[in-house]
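Right, one structure below, let's go through it.
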Ligand SMILES: [Fe+2]
Ligand SMILES: [Fe+2]
């Protein structure tokens, strides 16, 4: 069973965002499988890099929607994105210096994305691209 299981409750209704989210889940599962088979394999570093690239592309896309819709939770949302980017960079640096990626790391990403999509991306307009009503409206 995949550690990151895709669920329709994650759907935002914006095709590009939904495609990116689902692709992120697939990459987390691919990383988890590679770690399980052999966490010393160079494939693990490749999947970690793929996850970092996809995450960066996704955050750039989503932040554009959030900014255009004047999302009121923009600052805290961006802070969560930055924190994950930092974590990914640290892991890549550690891996590039011979550190091994553990199963816990793949599980961390699965849980982070499930939580972030359900609780942050979907909250208060999330990334659905619709302008939020003005306060008091
Ligand atoms: Fe987000
Ligand atoms: Fe997202």
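Read-outs throughout are calculated quantities, based only on the coordinates presented, and are distinct from any laboratory measurement. The shown structure was predicted, so the numbers you read here are calculated from the model rather than taken from an experiment. Glycine also receives a Cβ, built like all others from the backbone with ideal geometry; neighbour counts cover every protein chain displayed.
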For the chain, longest principal axis from Cα atoms; helix 42-68 axis from its Cα atoms; angle between them, nearest 10 degrees, is 10
Rounded to whole angstroms and listed largest first, the alpha-carbon spread of the range 14-125 along its three principal axes comes to 44, 23, 19
When 84, 74, 66 are ranked with the fewest other C-beta atoms within 10 Å first, the list becomes 74, 84, 66
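Give me 75, 82, 94 ranked fewest to most by other Cβ atoms within 10 Å of their Cβ, as a rough exposure proxy.
Ranked by crowding around the Cβ, least crowded first: 75, 82, 94.
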Most fluctuating of 106, 123, 52 in the GNM of the chain (C-alpha, under 10 Å) is 123
Final fewest-first order of 113, 10, 108 on the 10 Å Cβ neighbour count is 108, 10, 113
In degrees rounded to 10, the 0-90 angle between helix 74-96 Cα long axis and the longest Cα principal axis of the chain is 10
The base-10 log of I(q)/I(0) that the Debye equation returns for the range 52-97 at q = 0.19, 0.21, 0.30 Å⁻¹, one scatterer per C-alpha, is -0.61, -0.70, -1.06
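As a check on your grasp of the helix formula, calculate [θ] at 222 nm for the chain: sum -39500 (n - 2.57) over DSSP H runs of n ≥ 4, divide by the residue count, round to the nearest 500.
-22000 deg cm²/dmol
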